[in-house]
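Notes follow the structure.
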Amino acid sequence: MIHHHIREAYQRIKPYIVKTPLAYSPLLSDMTGSEVYLKCEHTQHTGSFKLRGALSKATALPTDIKERGIITASSGNHGMAVSLAGKITGMKARIYVPESISPAKEKTILALGGELVKVPGSSLDAELTAAKVAADESLPFISPYNDDDIIAGQGTIGLEILEQWDSLGLSSPCDALYASVGGGGLISGIGGFMAEYSPQTAIVGCWPANAAAMADCLDKGEIYNVVESDTISDGTAGGVEPGAVTFEHCQRYLNRHQRVSEDEIIAAMKLLADQERWIVEGAAGVALASFLKEAATGVMKDKSVVIVLCGRNIAFDKFLSLM
């Protein structure tokens with residue numbers, strides 16, 4: 001069962017992660033008529049929830065694999081997380097990235113302990129190269145979402161939320177949880193845990209309307225190649241891998257879907273900066289924007305909600321230009 005897998009992952013990773021706050025927001029609550037709690041994963045090491053999954057995978061590998069190392073492809077949150085997970089576990093982590101990687105991201109991955117390999121072409125070229133090298137060298141290729149150990153690590157967020165809910169003395173269950181969806185690892189893990197221990201909580205999958213690959217696949221009932229447009233939520237952009245285990249999890253655990261425009265995402269990011277003094281990336285803005293869109297209809301009045309702020313890794317000059 002997925003919830004047992006999540007509990008096992010939590011025991012392995014909790015010495016190395018931040019138990020991120022579940023923070024009540026008086027201002028957002030007053031504004032919407034809901035009881036709003038923010039799960040502050042943007043305060044996690046590496047600036048996003050991704051470290052949970054990366055550490056879950058790294059600590060679950062057999063000793064002989066740990067001695068030889070792991071490979072992944074990502075110039076973003078997953079690459080940073082795998083780099084630090086490798087450093088923590090004493091394992092070499094090779095991160096394949098496109099040559100166009102920003103100097104800031106390159107510097108961060110190296111500082112976190114990753115061995116960076118640049119590949120000519122796009123992010124897809126880097127991923128294909130990394131997967132081939134991993135196969136040739138018989139090393140594990142660490143998917144950002146299509147992996148049971150990764151999903152279990154992300155699911156530890158759900159475990160923490162319920163522990164924190166109880167510690168706050170809240171008598172009634174959480175009514176809804178909002179989280180952004182890319183490949184589906186985050187929502188699969190949280191949704192699987194909540195389905196077992198808080199089935200009353202509606203799991204709301206949140207997407208930028210410009211790039212909603214998993215939502216489109218769910219609507220069609222199968223994984224297919226979805227054409228996406230540019231979005232400020234680059235952390236959730238990209239298609240769904242054929243055969244991804246997260247597709248069935250999303251079918252099972254998501255109670256409803258919400259899509260938001262780029263203007264709505266940016267407005268939510270501004271609101272968090274103004275009201276909470278938090279800088280977050282676009283993917284975190286998607287979750288808040290989705291809640292605000294539903295709250296505006298009145299359906300969430302007097303309901304308790306958790307919004308997962310999944311990360312903060314946005315270039316500062318880009319953030320300022322949006323503001």
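The values are calculated or read from the model by the stated rules, or taken from the named source; none is laboratory data. Here the structure is a predicted model, which is why all the values come from computation and not from measurement. Glycine also receives a Cβ, built like all others from the backbone with ideal geometry; neighbour counts cover every protein chain displayed.
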Check GLY238 against each of (1) touching a strand residue (DSSP E or B) at 6+ places or on another chain (Cβ under 7 Å); (2) farther than 22 Å from HIS3 by Cβ and name the one condition it does not meet.
(1)
Count of segment 1-35 residues which are among the basic types (Lys, Arg) and either outside any loop (DSSP other than H, G, I, E, B) or in contact with a strand residue (DSSP E or B) (Cβ under 7 Å, 6 or more places away or on another chain) (or both)
2
Going residue by residue through segment 151-170, is there one that turns out to be in contact with a Lys or Arg (Cβ under 6 Å, 6 or more places away or on another chain), modelled with pLDDT of 95 or more, more than 28 Å from MET269 (Cα to Cα) and outside any loop (DSSP other than H, G, I, E, B)?
no
Go over the candidates GLY158, GLY235 one by one and state the one that is within 17 Å of GLU262 (Cα to Cα) and touching a Gly at 6+ places or on another chain (Cβ under 8 Å).
GLY235
The conditions are (1) surrounded by fewer than 17 Cβ atoms within 10 Å (Cβ to Cβ); (2) closer than 22 Å to ALA135 by Cα, and VAL82 fails exactly one of them. Which is it?
(1)
In segment 171-211, residues that are among the aromatic types (Phe, Trp, Tyr) and closer than 19 Å to TYR24 by Cβ total 1
What number of residues in segment 55-84 are over 20 Å from ILE151 (Cα atoms) and modelled with pLDDT of 90 or more?
1
Might you check whether a residue that is buried (at least 21 other Cβ atoms within 10 Å of the Cβ), within 16 Å of VAL181 (Cα to Cα) and modelled with pLDDT under 95 occurs anywhere in segment 217-231?
yes
From the options LEU55, LEU112, LEU61, residue that is under 30 Å from GLN164 (Cα atoms), surrounded by 24 or more Cβ atoms within 10 Å (Cβ to Cβ) and over 13 Å from the mean Cα position of the chain (by Cα)
LEU55
Residue check: is ILE6 buried (at least 20 other Cβ atoms within 10 Å of the Cβ), closer than 30 Å to LYS132 by Cβ, in contact (Cβ under 8 Å) with a residue 60 or more places away in the chain and in contact with a Phe, Trp or Tyr (Cβ under 6 Å, 6 or more places away or on another chain)?
no
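If only one of GLN251, GLN275 is touching a residue at least 60 places away in the same chain (Cβ under 8 Å), surrounded by fewer than 22 Cβ atoms within 10 Å (Cβ to Cβ) and part of a helix (DSSP H, G or I), which one is it?
On the way: GLN251 fails: touching a residue at least 60 places away in the same chain (Cβ under 8 Å).
Going through GLN251, GLN275 in turn, just one is touching a residue at least 60 places away in the same chain (Cβ under 8 Å), surrounded by fewer than 22 Cβ atoms within 10 Å (Cβ to Cβ) and part of a helix (DSSP H, G or I): GLN275.
Going by the conditions given, is LEU38 assigned to a helix (DSSP H, G or I), more than 18 Å from PHE193 (Cβ to Cβ) and modelled with pLDDT of 95 or more? Full working, then the answer.
On the way: assigned to a helix (DSSP H, G or I): no; more than 18 Å from PHE193 (Cβ to Cβ): yes; modelled with pLDDT of 95 or more: yes.
In short, no.
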Which residues, taken from segment 9-37, are surrounded by fewer than 16 Cβ atoms within 10 Å (Cβ to Cβ) and under 16 Å from ALA60 (Cβ atoms)?
GLN11, LYS14, PRO15
Given the conditions (1) modelled with pLDDT of 90 or more; (2) farther than 28 Å from VAL308 by Cβ; (3) among the basic types (Lys, Arg), every one holds for LYS87 apart from (2)
From the options ALA244, ALA268, residue that is over 18 Å from ILE150 (Cα atoms), crowded, with 18+ Cβ neighbours inside 10 Å, in contact (Cβ under 8 Å) with a residue 24 or more places away in the chain and in the same structural domain as GLU196 (by TED's automatic domain parsing):
ALA268
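Conditions tested, residue by residue: (1) in contact with a strand residue (DSSP E or B) (Cβ under 9 Å, 6 or more places away or on another chain); (2) crowded, with 17+ Cβ neighbours inside 10 Å; (3) of a type outside the set (A, V, I, L, M, F, W, C).
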residue: SER122; (1), (2), (3): yes, no, yes
residue: GLU137; (1), (2), (3): yes, no, yes
residue: PRO140; (1), (2), (3): yes, yes, yes
residue: ILE150; (1), (2), (3): no, yes, no
residue: LEU159; (1), (2), (3): no, yes, no
residue: LEU177; (1), (2), (3): yes, yes, no
residue: VAL181; (1), (2), (3): yes, yes, no
residue: GLY191; (1), (2), (3): yes, yes, yes
Hey, does segment 232-253 have a residue that's basic (Lys, Arg), under 20 Å from ILE190 (Cβ atoms) and at pLDDT 95 or above?
yes
